[in-house]
Amino acid sequence: DRLFILAIDDAQPEKNTMVVMDAKANELLHEIDLGIDVQKITKNSSGNVVVSYEELHHVISSTTIATINTEVYNQETAPNFGNSESAFFDKNGNLYYQRPSETASSYENIPAIYDFNTNTTYLYLYENFLNTDQLQTEFAIGETSMVSYDAKNNLILIGYSKLGNINFGGLLRIKLGPEPKYLDNIDLEGVPYAVFVK
């Protein structure tokens, strides 16, 4: 019954606070100074709050509002999940998201998994599990729109828009493991931005 709200200071737009409200009583419980340039706040699989910055993240307890953990990144290995439009946590606390590829791929954003337990980022480059014909012609992959996980089948689910037609998209299912393996593709009349598997 709590709302966690990322707020900015009107006088200093780079300064952020997290406002915690009691949703039933409609009253302020806490207001926490988060410093500057927070990218986003997200609820993880344990129900705690992940506060993302470019160079680090905090995990804050949703009950005590105490900081549980802070992880500072090396510039070369930063997971870059703070600006991802989609974020899905599995039961083990792994985060599935879109990550800027930088120079790793010809695509602007690629699917990625961040393991909070080991502070390791796993990149899923399209070029590693699809051939050029699949990428450019058969599936016509444009931009990564979402990344999720199918726990029952141990699959990473990757939503994307079509090249040259942003109103159409698809959903790739990739088998996880030491080597990612393409399973199948579903073409869609629309672009998926969130997928939940039950």
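The values are calculated or read from the model by the stated rules, or taken from the named source; none is laboratory data. Given the structure is predicted, the values throughout are model-derived calculations rather than measurements. Cβ sites come from the backbone with ideal geometry, for glycine too, and all protein chains shown count toward neighbours. Side chains included, ligands, DNA and RNA excluded: accessible areas come from the protein's heavy atoms. Shrake-Rupley method; radii C 1.70, N 1.55, O 1.52, S 1.80 Å.
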Exercise. Taking 0.36 nm per residue of separation and subtracting the Cα-Cα distance, what length does fully extending ILE8 through GLU31 add?
Worked result: 7.1 nm
For this session: Give the Debye-formula value of log10 I(q)/I(0) at each listed q (0.10, 0.16, 0.23 Å⁻¹), with one equal scatterer per alpha carbon of segment 101-182, two decimals each.
Result: -0.24, -0.61, -1.22
For this session: Could you calculate the contour length gain from VAL72 to ASN167, that is, 0.36 nm times the residue separation minus the distance between their Cα atoms, to one decimal place in nm?
Result: 30.4 nm
For this session: Any lysines with Cα under 23 Å of the LYS43 Cα? List them, leaving off those in the same chain fewer than 8 positions away.
Result: LYS15, LYS24, LYS91, LYS152, LYS198
Exercise. HN-Hα J couplings of segment 22-38 from phi, Karplus 6.51/-1.76/1.60, θ = phi - 60°, integer Hz, Gly and Pro as x?
Worked result: 7, 5, 6, 8, 6, 10, 6, 9, 8, 9, 10, 6, 9, x, 10, 6, 5
For this session: Using a cut-off of 15 Å between beta-carbons, work out the net charge of the residues near TYR53 (Lys and Arg +1, Asp and Glu -1, TYR53 not included).
Result: -4
Exercise. Within the accessible area of segment 126-178, what % is carbon and sulfur when the probe is 1.4 Å and the other protein chains stay in place?
Worked result: 50 percent
Problem set entry | At R0 = 25 Å, FRET efficiency that the Cβ-Cβ distance of ASN128 and GLU55 yields, to 0.05 | 0.35
Problem set entry | Charge dipole of the chain about the Cα centre (unit charges at C-beta), most positive-ward option of LEU6, ASN74, SER62 | SER62
Problem set entry | Residues ASN154 and GLU102, FRET efficiency given R0 of 35 Å [Cβ-Cβ distance, rounded to 0.05] | 0.80
Exercise. Counting only protein heavy atoms, what percent of the accessible surface of segment 4-69 is carbon or sulfur at a 1.4 Å probe?
Worked result: 49 percent
For this session: Report the local net charge at PRO180: Lys and Arg +1, Asp and Glu -1, summed over other residues whose C-beta lies under 12 Å from its C-beta.
Result: +1
For this session: Please report, in debye to the nearest 20, how large the charge dipole of segment 51-198 is about its Cα centre when each Lys and Arg carries +1 at its beta carbon and each Asp and Glu carries -1 there.
Result: 540 debye
For this session: Take peptides 17-25, 90-98 and line them up by average Cβ neighbours within 10 Å, highest first, as a rough protection proxy.
Result: 90-98, 17-25
Problem set entry | Surface accessible to a 1.4 Å probe, THR42 within the full protein complex, Å² | 30 Å²
Exercise. In Å², what does the accessible area per residue of the chain work out to with a 1.4 Å probe?
Worked result: 56 Å²
Problem set entry | Residues of segment 1-22 with amide N under 15 Å of a point placed 7 Å along Cα→Cβ from ILE65 | 1-7, 17-22
For this session: Using only the Cα atoms of the chain, each taken as one equal point scatterer with no solvent, compute I(q) by the Debye sum, divide by I(0), and report log10 of the ratio at q = 0.08, 0.11, 0.12, 0.19 Å⁻¹.
Result: -0.31, -0.56, -0.66, -1.30
Exercise. If you rank ASP10, ASP184, ASP115, ASP1 by how much accessible surface each has, with a 1.4 Å probe, what is the order from largest down?
Worked result: ASP10, ASP1, ASP184, ASP115
For this session: Please report how far the C-alpha centroid of segment 55-91 lies from that of segment 101-151, rounded to the nearest whole angstrom.
Result: 20 Å
Seminar exercise, completed: Hull volume per residue for segment 1-88, using the convex hull of the C-alpha atoms, in Å³ is 110 Å³
For this session: Divide, for segment 113-153, the radius of gyration over alpha carbons by 2.2 N^0.38 Å, where N is the residue count.
Result: 1.47
